[in-house]
1. First check a/c for region B:174-290, with a ≥ b ≥ c the square roots of the eigenvalues of its C-alpha gyration tensor; if it is under 1.5, answer rounded, and if not, answer prolate when a/b is larger than b/c or oblate otherwise.
2. Report, in deg cm²/dmol and to the nearest 500, the calculated mean residue ellipticity at 222 nm for chain B, where each DSSP H run with n ≥ 4 adds -39500 (n - 2.57) and the sum is divided by the residue count.
3. I'm checking a number: the convex hull volume of the Cα atoms of chain B, normalised per residue, in Å³. What is it?
4. Using the number of other C-beta atoms within 10 angstrom as an exposure proxy, rank A:110, B:533, B:144 with the fewest first.
5. For peptide A:39-47, what's the mean number of Cβ atoms from other chains within 10 Å of each residue's Cβ?
6. Before anything else, pin down the relative contact order of chain B: Cα pairs under 8 Å, at least 6 apart, normalised by residue count, whole percent.
7. Take the Cα atoms of region B:339-408, find their three principal axes, and give me the spread along each one in whole Å, biggest first.
8. Which percent, to the nearest 5, of DSSP beta bridges fully inside the protein assembly as shown are antiparallel?
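Any read-out appearing in this document is the output of simple, stated calculations on the displayed coordinates, not a laboratory observation. From a predicted model like this one, the values you see are computed outputs, not experimental measurements. Note: ideal-geometry Cβ built from the backbone for every residue, glycine included; neighbour counts use all protein chains shown.
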């Protein structure tokens with residue numbers, strides 16, 4: 001059985017836990033529960049007919065990026081950065097966050113999830129932002145943990161990328 | 001002055017001679033003087049140049065050269081020593097992890113071996129004292145087993161002597177991914193991969209939070225009676241979930257297992273990219289760590305020496321109890337018997353620390369209490385008696401007291417009927433006189449009665465009575481006439497009767513049976529009458545001699561109860577006679 005450690009990274013309240021919940025349990029709750037430390041969940045997926053067990057490390061979202069606990073990142077085979085498409089600072093901080101993560105895990109497949117796409121009226125991501133984000137070699141998905149839009153696709157893409165680039 | 005330095009130092013010459021012409025001369029002179037030496041120098045320089053082997057040439061011959069040199073002496077080792085030490089410490093300083101990884105499989109066993117040997121002696125001593133002790137806890141468990149009827153082994157299992165390794169995880173050190181996992185047979189399989197991740201996360205969290213020195217990290221944590229032991233290696237962690245009290249040896253076992261896995265799976269570890277399949281082969285190794293263990297050192301110890309000791313203790317207790325109970329029983333039986341003994345009253349019986357104390361009343365004629373107890377198997381040495389005298393009214397005691405006071409002859413028997421002392425058998429007249437007077441004075445005796453009591457004469461009077469009994473009056477056939485010799489005999493009888501009468505005293509009377517007999521000639525009726533006449537004739541003579549009539553009892557037997565004799569004639573003669581028998585009677589019947 002192939003197993004891959006995936007870390008969910010992002011500042012607080014961007015929806016990391018909700019994305020995992022939607023992906024693993026197909027559930028969503030409006031209630032906000034702050035994650036303390038790390039929460040680990042498992043989701044088996046298929047990549048090219050092969051079973052892959054994703055171990056999703058849902059890291060505590062902090063206020064800033066400096067105090068992220070890099071020890072949780074060790075051995076990660078893939079990273080999902082989560083930004084809140086309705087809060088500008090989360091989108092700008094993701095670059096800084098990525099630098100920190102890269103230092104700990106090296107070059108691994110990465111996904112950027114621009115979350116809360118269901119809140120269209122509060123959406124602040126412009127095409128200029130997208131161009132900016134496209135500078136980074138990650139795969140960007142617009143996701144909604146609430147409706148499930150893009151969630152499956154984001155995780156599946158990462159799983160495939162991880163299996164193909166060991 | 002100039003020559004001396006030139007000849008010794010050729011190179012100083014050009015410096016001190018600036019003129020070129022002079023220099024040429026000087027060179028010629030030098031060639032002349034020093035050419036042999038210059039040749040030697042040139043040759044040496046050539047050889048030195050020739051020695052400059054290339055690195056390739058050296059690499060080719062280095063191993064042989066080292067081996068050769070090492071075979072000759074240890075100078076090479078000495079020369080290399082400092083360099084190697086420096087190189088090693090430099091390497092450790094630069095990249096300690098690499099050295100640690102390299103020597104990890106060898107380091108653990110070496111350290112453990114040293115520690116084990118150091119501690120072995122101490123452990124042996126502790127074990128021995130543990131094994132040989134009959135602990136209170138063991139005793140409590142045995143009592144619990146005995147009371148509940150549950151086997152002792154299960155009681156031990158129930159209590160804290162058991163530990164059980166329920167799960168073992170092999171976890172990749174960096175990512176926290178589960179490599180392999182085993183669970184005790186009867187336990188539900190948990191979400192091992194998530195737990196594996198969380199374990200790693202917890203270790204990371206603890207490591208980040210408390211920043212332990214060097215490679216400490218979280219090794220043990222407990223939840224209720226469950227302890228998680230974590231052994232960390234360079235590439236993997238081994239985590240064991242243990243229920244109960246685990247021995248230190250378990251940690252060592254985990255270490256050994258982890259080292260074994262590092263050795264055996266060095267390749268898969270190096271190539272690891274998330275595929276745990278190669279580590280399935282580690283399952284049997286992990287399974288060896290799963291164990292449900294009753295602390296065998298202790299139970300085994302109990303099965304041998306202490307079990308025998310327990311048996312002895314048990315037997316001793318049973319024997320002791322039996323002895324105590326039977327002693328108690330014997331004692332109470334003896335006390336009952338003593339209380340039933342005539343003439344003894346037990347007032348109190350107390351158990352002292354080692355002795356019994358009895359207090360009571362004892363009649364002087366009763367049996368000795370100690371003798372009674374001894375007869376019932378009591379060790380009288382451990383009994384102290386405290387007896388006060390009293391007079392008992394028990395009939396056997398009264399009879400015994402009467403016997404002691406009256407001291408009857410062996411021919412007489414005393415008994416008690418109610419409060420009347422009864423005497424039967426026979427006794428001398430003087431004893432009967434004394435008994436009549438003394439019996440009412442014996443405590444417990446109200447009256448004295450003689451039943452079938454035959455009085456007999458005092459020893460002093462007996463010859464006289466015998467003499468009378470031996471007297472015989474002979475008669476002619478068919479005649480009742482007293483002859484002259486018979487008359488003499490009768491005088492003797494009368495005299496002897498008088499002596500006896502005086503001898504027995506006023507309370508007694510002496511009566512003479514006067515018995516007439518005949519020979520067998522003639523009819524029975526005639527003979528009976530003839531014997532009567534003969535007895536009567538003797539009586540008449542005796543009366544005439546002064547013997548009162550009440551003292552004479554004539555009786556004719558005829559031919560009945562004849563006197564035996566050797567011949568027929570002699571028998572006829574002997575039976576034509578009158579004889580006498582002395583009888584004692586109460587004096588009261590005497591008539592004047």
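1. rounded
2. -17500 deg cm²/dmol
3. Output value, Cα hull per residue: 576 Å³.
4. B:144, B:533, A:110
5. Working: counts 4, 11, 4, 7, 0, 1, 0, 0, 0.
If you average over the peptide's residues, the count of other-chain Cβ atoms is 3.
6. Result for chain B is 8 percent.
7. 47, 21, 16
8. 60
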